[in-house]
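The values are calculated or read from the model by the stated rules, or taken from the named source; none is laboratory data. All figures in this text were calculated on a predicted structure; none of them were measured in a lab. Cβ atoms come from the backbone with ideal geometry, glycine included; neighbour counts cover every protein chain shown. Only protein heavy atoms, including side chains, enter the accessible area calculation; ligands, DNA and RNA are left aside. Shrake-Rupley method; radii C 1.70, N 1.55, O 1.52, S 1.80 Å.
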Amino acid sequence: MRNKILRLQESPELAAGDAPVSLIQVLAGVSPDYAVVAQKAATAKKLKSFDAPFDQQYGLTLADLARRYEASLRAEIIRELKPKRRKPKAQAASDAQDAPKK
């Protein structure tokens with residue numbers, strides 16, 4: 001009736017999803033092991049009791065890591081291209097006066 005792929009044994013750092021992802025992690029960091037779970041046809045009540053596990057995502061796919069890599073790369077490019085904020089002339093002049101002289 002339905003099946004689910006459970007991806008297993010991925011790196012805990014990658015699974016946490018907080019740190020930026022490098023290209024090598026995209027290529028080698030997907031969940032290396034997997035299991036397939038299937039459920040045969042049953043009454044609606046019995047099927048419903050297993051909806052939550054079948055709706056959950058398990059592990060890391062290549063697509064997941066590639067999307068995270070692209071997002072971090074895009075953010076880095078935007079940061080680099082963003083113009084540096086300059087102080088207003090009056091503030092810059094005031095800062096220059098306050099700076100210690102050599």
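Given R₀ = 41 Å, FRET efficiency for Lys82-Ala44 by Cβ-Cβ distance, to 0.05?
0.15
Hey, got a sec? Which trypsin sites (Lys or Arg not before Pro) in the stretch 20-57 land in a DSSP loop and have at most 14 other Cβ atoms within 10 Å?
Of the trypsin sites (Lys or Arg not before Pro), the ones in loops of the stretch 20-57 whose Cβ has at most 14 other Cβ atoms within 10 Å are Lys40.
What is the packing order of peptides 4-13, 74-83, taking the mean over residues of other C-beta atoms within 10 Å and listing the highest first?
The most tightly packed comes first, giving 4-13, 74-83.
How large is the accessible surface per residue of the stretch 3-71, computed with a 1.4 Å probe and reported in Å² as a whole number?
72 Å²
Would you mind telling me the share, in percent, of accessible area of the stretch 1-93 contributed by carbon and sulfur at probe 1.4 angstrom?
Carbon and sulfur together cover 59 percent of it.
Rg (Å, one decimal) plus Dmax (Å, integer) for the alpha carbons of the stretch 16-64?
Every Cα atom of the stretch 16-64 included, Rg and Dmax give 15.7, 46 Å.
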